[in-house]
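Have a look at the structure below before the remarks.
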Amino acid sequence: MDVRYQSQEFSLNVPLASADEPESTDFVAALASRFSAMYHERYGHSNLGAPIEIVALRTQAVGDLGRLDAPRFATAQSAEFKHEIRPVVFEHIEHQTTVVRRDDLAAGHAFEGPAIIVEQTATTVVPPASTSSSTNSAH
């Protein structure tokens, strides 16, 4: 936790002695003593007994969340997929460019660039002379 003398701007990170230390009856005195010692070490002086304040408290949790299987995508029933053709400039040259929503692609769909694949959180650009293909996993 970050502790400082009341009304001062700078704080020191003072670790807890244990997770249940704040429940002890002498917690505030022990915290003040550790803070005073750390302050003295850092600045060459301290003021044990002066009001202190906790300005930040951090916590960390560690655990095993398991592993999810990668989602599988449906296999394309044909080579066709919903798309638009729009003019897009690549390196100062206008190209007729495939624009497709990611949700409209299925495993097995493949196409030549230039293309733009649009999804809710990202846009993928497939430059001219490149190819794109969809697989049945998210990798």
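The values are calculated or read from the model by the stated rules, or taken from the named source; none is laboratory data. Just so we're clear, the structure is a prediction, and the values are computed from it rather than from any experiment. For neighbour counting, all protein chains shown are included, and Cβ atoms are generated from backbone atoms with ideal geometry for every residue, glycine included.
So, in the stretch 82-107, how many residues would count as being out of contact with any helix residue (DSSP H, G or I) (no Cβ under 8 Å at 6 or more places or on another chain) and over 14 Å from Ser134 (Cα atoms)? I'd like the intermediate steps shown before the answer.
Let us first name the residues in the stretch 82-107 that are out of contact with any helix residue (DSSP H, G or I) (no Cβ under 8 Å at 6 or more places or on another chain), namely 84-107.
When the remaining residues are screened for being over 14 Å from Ser134 (Cα atoms), the result is 84-99.
Residues that pass the stated criteria total 16.
Give the residue, chosen from Ala110, Ala76, that is modelled with pLDDT under 95, of a type outside the set (Val, Ile, Thr) and within 12 Å of Ser132 (Cα to Cα).
Values: Ala76 fails: within 12 Å of Ser132 (Cα to Cα).
Step by step, each of Ala110, Ala76 is checked, and only Ala110 is modelled with pLDDT under 95, of a type outside the set (Val, Ile, Thr) and within 12 Å of Ser132 (Cα to Cα).
I'm trying to understand the selection: among the residues of the stretch 123-134, which are aliphatic (A, V, I, L, M) and either buried (at least 17 other Cβ atoms within 10 Å of the Cβ) or modelled with pLDDT under 95 (or both)?
Quick first cut of the stretch 123-134, residues aliphatic (A, V, I, L, M) only: 125-126, 129.
Result: Val126, Ala129.
Against the conditions (1) touching a strand residue (DSSP E or B) at 6+ places or on another chain (Cβ under 7 Å); (2) modelled with pLDDT of 95 or more, where does Arg34 fall short? Just the number, please.
With respect to (1) touching a strand residue (DSSP E or B) at 6+ places or on another chain (Cβ under 7 Å); (2) modelled with pLDDT of 95 or more, Arg34 is out only on (1).
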